[in-house]
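Q: Take a look at this one; I'll ask things after.
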Amino acid sequence: MKIELLEILRCPKTNQKLRLEVPEYLNGLVRSAWLVSEDGHQRYPVREFIPRFVPESNYADNFGMQWNKFRQTQLDSYSGHPISANRFWQATGWNVEDIAGKWVLDVGCGAGRFAEVALQAGAKVVALDYSRAVDACLTNLRHYPNLHVVQGDIYSLPFLKASFSFVYSLGVLQHTPDVARAFAALPGMVAEGGWLCTDFYWKRLRTLLHSKYLFRPITKHMPQQQLFHFLEKTVPALLKTSQLIGRIPLAGRYLKRLIPVADYTGVYPLDERQLREWALLDTFDMLGPQYDSPQSATTIRQWMSGAGFNQVEVFQANLLVVRGHKI
Ligand SMILES: C[S@@+](CC[C@H](N)C(=O)[O-])C[C@H]1O[C@@H](n2cnc3c(N)ncnc32)[C@H](O)[C@@H]1O
């Protein structure tokens, strides 16, 4: 943790400022300490350079496991393709000059695929996640001097209100237990004149017919290690089947959706090894999460407009995106 972060860190329960107690430093960074509220009643640990505001084990443990196992897979700097960058710029509509030097909040950062894009643009990025994914994110991106990583909960964000010129949350909100309440936590973080962008699984027939929903009632309750080992064995064959079906003229691209596997053949320019790795990662990502709640375009537009944002746009860019400007 960098000391600079204390300016905007707040106690998630009382909103009070936090002070450092018994800090241990390494190379100018706080490696371990206690963050203590002004009245001394609330204490949060800093462990392995990361302030931690959540219980050690929680409903997002599957994501902690996933992002530590596939720490680098979806980082553009590792895949060699601008897949995350394209999605980030397309969804947000921001550009490098907008965010350079600005405070940017990434809610649900995972292993940091989008934080990497914002950091490369020169933003001061706070990457927050509920799960142990934060450790993967810090390991991936610690060489960026403008990076801050926090383990926290969208439902009680540990920051001073209106601290961020840009807030985004990509691939996250549908995986929280109450999506409306999770969205509602974000507008308050945006500074006046700032921008908010989030995306969602799109609630439409095509999404709801996805074969993952047949299996999720079982797989989301399985011990996550067991599910992962099962998928390690089955995903290569499922991927091959999906690729074969995908080659059937005309009908193939529709029929392959019956196979519960994340098949990016022809979608991203990945080689065979990468296709297998992404298939295992994203099939686990489809079947493991406790929550998976798609949203309609009307609902998310209402949420953004209802929070007092203007220039609200809803469109498809990978997922269903909503973005807006805070007046
Ligand atoms: C599908 S992953 C997406 C990660 C990253 N945004 C990406 O696209 O690679 C969803 C992330 O949301 C995080 N998450 C779930 N509930 C959360 C909460 N209550 N607060 C913050 N993050 C949460 C999970 O831990 C997980 O890393």
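The values are calculated or read from the model by the stated rules, or taken from the named source; none is laboratory data. These figures come from a predicted structure and were not determined experimentally. When we count neighbours, we look across all protein chains shown, and the Cβ atoms used for this are built from the backbone with ideal geometry, even at glycine. Calculation scope for accessible area: heavy atoms of the full protein, side chains included, ligands and nucleic acids excluded. Shrake-Rupley method; radii C 1.70, N 1.55, O 1.52, S 1.80 Å.
Q: Give me D for region 189-260 in µm² s⁻¹, whole number, from Stokes-Einstein with Rh from the Kirkwood sum over alpha-carbon pairs, 20 °C and 1.002 mPa s.
A: 140 µm²/s
Q: Which peptide among 159-165, 283-289, 240-246 comes first, and what is the full order, when sorted by highest mean count of other Cβ atoms within 10 Å?
A: Answer by packing, highest mean first, reads 283-289, 159-165, 240-246.
Q: Order these peptides, 187-194, 271-278, 150-157, by their mean beta-carbon neighbour count within 10 angstrom, highest first.
A: Averaged packing, sorted descending, gives the order 150-157, 187-194, 271-278.
Q: Could you check how much of the accessible area of region 252-327 is carbon and sulfur, as a whole percent, using a 1.4 Å probe?
A: 52 percent
Q: Now for a different question. Please list, in chain and number order, the residues 5+ apart from Arg47 or on another chain whose amide H is under 5 Å from its amide H, with Hs placed from the backbone.
A: Arg52
Q: Continuing with this model, one more query. For the chain, what number of Lys pairs, 8 or more residues apart or on separate chains, have alpha-carbon atoms under 19 Å from each other?
A: Lysine pairs meeting the criterion: 19.
Q: So what is the accessible area of the chain per residue, in Å², with the probe set to 1.4 Å?
A: 44 Å²
Q: Please compute the length gained on full extension between Ser296 and Thr265, using 0.36 nm multiplied by the number of residues separating them and subtracting their Cα-Cα distance.
A: Contour length minus Cα-Cα distance gives 8.4 nm.
Q: Relative contact order for the chain: what percent, with Cα pairs under 8 Å and sequence separation of 6 or more?
A: This gives 16 percent for the chain.
Q: From the square roots a ≥ b ≥ c of the eigenvalues of the alpha-carbon gyration tensor of the chain, which class results: rounded (a/c under 1.5), prolate (a/b over b/c), or oblate?
A: Verdict is prolate for the chain.
Q: May I ask for the Kirkwood hydrodynamic radius of region 12-110, worked out over all distinct Cα pairs and given in angstroms to one decimal?
A: Radius from the Kirkwood sum: 16.8 Å.
Q: Can you give the FRET efficiency to the nearest 0.05 for His210 and Gln90, using r as the Cβ-Cβ distance and R₀ = 35 Å?
A: The calculated FRET efficiency here is 0.95.
Q: Same structure, new question: Along its principal axes, what span do the Cα atoms of region 1-52 show, with the longest given first and each in whole Å?
A: Between the extreme Cα coordinates on each principal axis of region 1-52 lie 31, 17, 14 Å.
Q: Out of the total accessible area of region 86-212 (probe 1.4 Å, heavy atoms of protein only), what percent is carbon and sulfur?
A: Carbon and sulfur: 52 percent of the exposed surface of region 86-212.
Q: Okay, next question. Of all the accessible heavy-atom surface of region 1-52, with the other protein chains kept in place and a 1.4 Å probe, what percent is carbon and sulfur?
A: Carbon plus sulfur share of accessible area: 50 percent.
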